[in-house]
Amino acid sequence: MKPIVFAIVQLLVGFCFASEAAFELNKDIVDPDLYRRAEVVIRVMVLSEGVGSQYWWPDVLNHATIKAPNGVAIPAKLQVACYSNGTGLPLGFATLYLVRYNPEHSEYGWKLLEDFDPISKAYKKGYSHHSADAVKR
C-alpha cells in the first residue's frame, strides 16, 4: 500500500474509533441517530430563544464539544441557527446536533439539524436530553 493511501486509511479508521469512543463516553446525553447524522454535537446551555425571521439565532454557551470535524474549533459562546417555523430551542441544558449553515462557506456558522417530516408536516427537533430546570428563571 502506498504511504499516502495508508495515511488516509489510518486517518479514517482513527476518526471512526474516536467518534465511537466519544459516543460511548457520552451515550447518556446523546441520541444515536442524530449523533450519526450531525457534523457537530455539543452540550450547551441555551441562554436565549433567539430572534430573526426565517431563522432564529439563539445564544448558547458551549459546555462540551462531543463531536467536531478535525481542525474545527467550536467557540465557548455562539449563536446557532434554527428554522423559525421549526422546533426552536428551549432554555436550559441540551445536546445540539449541528450541520453547516452554508456548506460552501464554513465561516457562516452552524444550524440545528432539523428534518421536515412530510407526514406530520412538522420539523423534527435537532436537540435532545433537554433539562429546563437547569436554568433559574
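Here are the numbers for the structure shown:
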read-out	value
Scan of the stretch 32-56 for residues that are more than 14 Å from the chain's Cα centre (by Cα), of a type outside the set (S, T, N, Q) and either at pLDDT 95 or above or farther than 12 Å from Lys111 by Cβ (or both), ordered by number	Leu47, Glu49, Val51
Elements of type strands (runs of 3 or more DSSP E) in the stretch 42-137, at least 3 residues being touching a helix residue (DSSP H, G or I) at 6+ places or on another chain (Cβ under 6 Å) and within 28 Å of Asp28 (Cβ to Cβ)	92-100
Any chance Phe6 is at pLDDT below 70 and closer than 15 Å to Ala68 by Cβ	no
First in the stretch 62-76 and surrounded by 11 or more Cβ atoms within 10 Å (Cβ to Cβ), second anywhere and modelled with pLDDT under 90, Cβ under 6 Å, 6 or more apart	Ile66/Ala22; Ile66/Asn26; Lys67/Ala22
Selected residue (only one of Asp117, Asp59 is acidic (Asp, Glu) and at pLDDT 85 or above)	Asp59
Residues being under 14 Å from the mean Cα position of the chain (by Cα) and closer than 19 Å to Tyr55 by Cα - total across the stretch 95-123	13
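The values are calculated or read from the model by the stated rules, or taken from the named source; none is laboratory data. These numbers come from a predicted model, not from an experiment. All Cβ positions, glycine included, derive from the backbone under ideal geometry; neighbour counts span all protein chains shown.
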